[in-house]
Structure formats: C-alpha cells, structure tokens
Amino acid sequence: LDWDKADDELIGFVAQLAEFRRSHPALSDDHFLNGHKHHGVRDVIWLSAAGTEMQIDDWHDVRGCVLGVQLNVENNQVLCWFNRDHVAHEVKCPPPHGEGRWSVGLVSSQQSVSIDRHGVANIPARSVVALEY
C-alpha cells in the first residue's frame, strides 16, 4: 500500500467503525437472529421509516427508501437506519428497551444527525446511521 497517498479520512472512519462494532455485542454476536423473544426482548426487529415493524406490504413497496433494524443482544441495543435515496428522510425511532434515549453512534455521511425529544431523526441521503443505547 502507498500510505503516502492514503485517504486519512477513510482510514479514520474505518477505525471508528471497527471500534463501534467492537463495543456493541449486538453487532458481533454469532447466533442467528430470528426475531423471537429472549428474556422478554426480541433480538431483531425490522422497521419502516414510521418506526413501526415492517409488514408484508412494506417489504414490497418499491418506493420505500429507508429501512431500519433494531438489534437487541446481550443487553446491548443498536438501531441502524439505511437510506438509499438521494435526499434525506425523517424517521421515527422506537423507544429503546429500558430507560433512556438513543444517541448517535456512527454516521456514514459527513452530515450530522440529531434525534429530537420525540425520537425523530433526520437520516442523510445515501447513508447509514447507527444509534446506540
């Protein structure tokens, strides 16, 4: 590798991504996620932009540009939003299991993301946003 021409910004992001994954068992657990409850909490829930669980019609909606996945493993929760569209979209974050609120953990875009007190987040165009609890 020609480290003199390396993209320092990309290297920094990949390091941040690796650290985020390492610090969240929900992203690295090796059991198959099945959506069943474990200790009263489902391990994976697929979400629409409205923050509701995806239904059959949602999966077949070709206009759907935003998809969320809430992972709950070993008392660790991560909520990831994927926006494939060329414009930003607002999403409604479901409340995490337990007391407290989601906070921004990682954003693939250079645009900032915030979550209002109602759990609404603005997901930048063509980005992935990981929220942590």
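Details
- Taking the numbered list (1) part of a loop (DSSP other than H, G, I, E, B); (2) touching a Pro at 6+ places or on another chain (Cβ under 9 Å); (3) over 30 Å from I11 (Cβ atoms) in turn, S112 passes all entries but (3).
- Selection count where residues are at pLDDT 95 or above and either on the phi > 0 side of the Ramachandran plot or assigned to a loop (DSSP other than H, G, I, E, B) (or both), scope the range 62-80: 1
- Residue check, I56 in contact with a Cys (Cβ under 7 Å, 6 or more places away or on another chain) and without any contact (Cβ under 8 Å) to a residue 40 or more places away in the chain: no
- Being closer than 24 Å to V120 by Cα, touching an Asp or Glu at 6+ places or on another chain (Cβ under 9 Å) and either open to solvent by 60 Å² or more (accessible area, probe 1.4 Å) or not in a strand (DSSP E or B) (or both) is a condition met by no residue of the range 6-18.
- Tally, over the range 19-61, of residues that are over 16 Å from L131 (Cα atoms), modelled with pLDDT of 95 or more and part of a strand (DSSP E or B): 1
The values are calculated or read from the model by the stated rules, or taken from the named source; none is laboratory data. All of these numbers come straight from a predicted model, not from anything done at the bench. Note that each Cβ is placed from the backbone with ideal geometry, even for glycine, and that neighbours are counted across all protein chains shown. SASA here: full protein model, heavy atoms, side chains in, ligands and nucleic acids out. Shrake-Rupley method; radii C 1.70, N 1.55, O 1.52, S 1.80 Å.
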